[in-house]
1. Could you tell me the relative contact order of the stretch 1-156? Use alpha-carbon pairs under 8 Å, at least six residues apart, and round to a whole percent.
2. Going by how many other beta carbons lie within 10 Å of each one, how would you line up 88, 82, 116, fewest first?
3. Dipole of the chain, Cα-centred, from +1 at each Lys and Arg C-beta and -1 at each Asp and Glu C-beta, to the nearest 20 debye?
4. Under the 0.36 nm per residue contour assumption, what length would be gained going from the current alpha-carbon distance of residue 148 and residue 82 to full extension?
5. Note the listed values (1) 25, 17, 15; (2) 30, 19, 15; (3) 39, 27, 12, then indicate which one is semi-axes √(5λ) of the Cα gyration tensor in Å calculated from this particular structure.
6. When 33, 84 are ordered from fewest to most other Cβ atoms inside 10 Å of their Cβ, what list results?
7. Which of 107, 83, 29 moves the most in a Gaussian network model of the chain with Cα springs under 10 Å?
8. Using a Gaussian network model of the chain with C-alpha springs under 10 Å, which one of 35, 11, 152 is most mobile by mean-square fluctuation?
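Here, each number is a calculation from the coordinates, and none is a lab measurement. In this text, all values refer to a predicted model and were calculated from it rather than measured experimentally. Note that each Cβ is placed from the backbone with ideal geometry, even for glycine, and that neighbours are counted across all protein chains shown.
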Amino acid sequence: MMRTLTLIRHAEAAPAGAVNGDFDRPLTASGQIQAARLAVQLARAVPAPDLLISSPAARAQATAQVFAQAWNIASDKIIQQSAIYEASVTTLLYLLQGIDHSIGHVALVGHNPGISELAHALARCSFGALPTCGVVRIGFADNSAWADLTPACGQQTHYLQPPPLTREF
């Protein structure tokens, strides 16, 4: 079975200081639109993941819910994982290596810099840092196992970024 990893950076969030801490920052109205548009585009292009793992931060959870709805993912296939919030590449890689062998496609919703650094660690990527609501899909060799993930073992298969939002004045 080919393993596939879809990495999604959360959509645009309220600035730091707008709420009582970074963890609780909600999506902005633009971020909600951004996520909805990209989720539909992605759902048309690639099959739904077997498992969606998200940071428990408000902005990541809101983004994950939008993508889950577009993919029609059952709520029992969505997991909050506190280790994703402010995670290093090592932490994210360790998390992925622990995924059950029966799971073929995982989507992970998280934050920069960790999520972009993970993408670059696993595959030669065509972008710098993932923008808000940026998506990269990485494929791994047939018969690979999550437990065997190592740096440079994957290949970027898709990269999506949201179109610029026009703001009305």
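1. 35 percent
2. 82, 88, 116
3. That gives the chain a dipole magnitude of about 400 debye.
4. On the way: separation 66, 0.36 × 66 = 23.76 nm, distance 2.27 nm.
Difference between extended and current length: 21.5 nm.
5. (1)
6. By the 10 Å Cβ count, ascending, the order reads 33, 84.
7. Sorting by GNM fluctuation, first place goes to 29.
8. Per the Cα network of the chain with a 10 Å cutoff, 152 tops the list.
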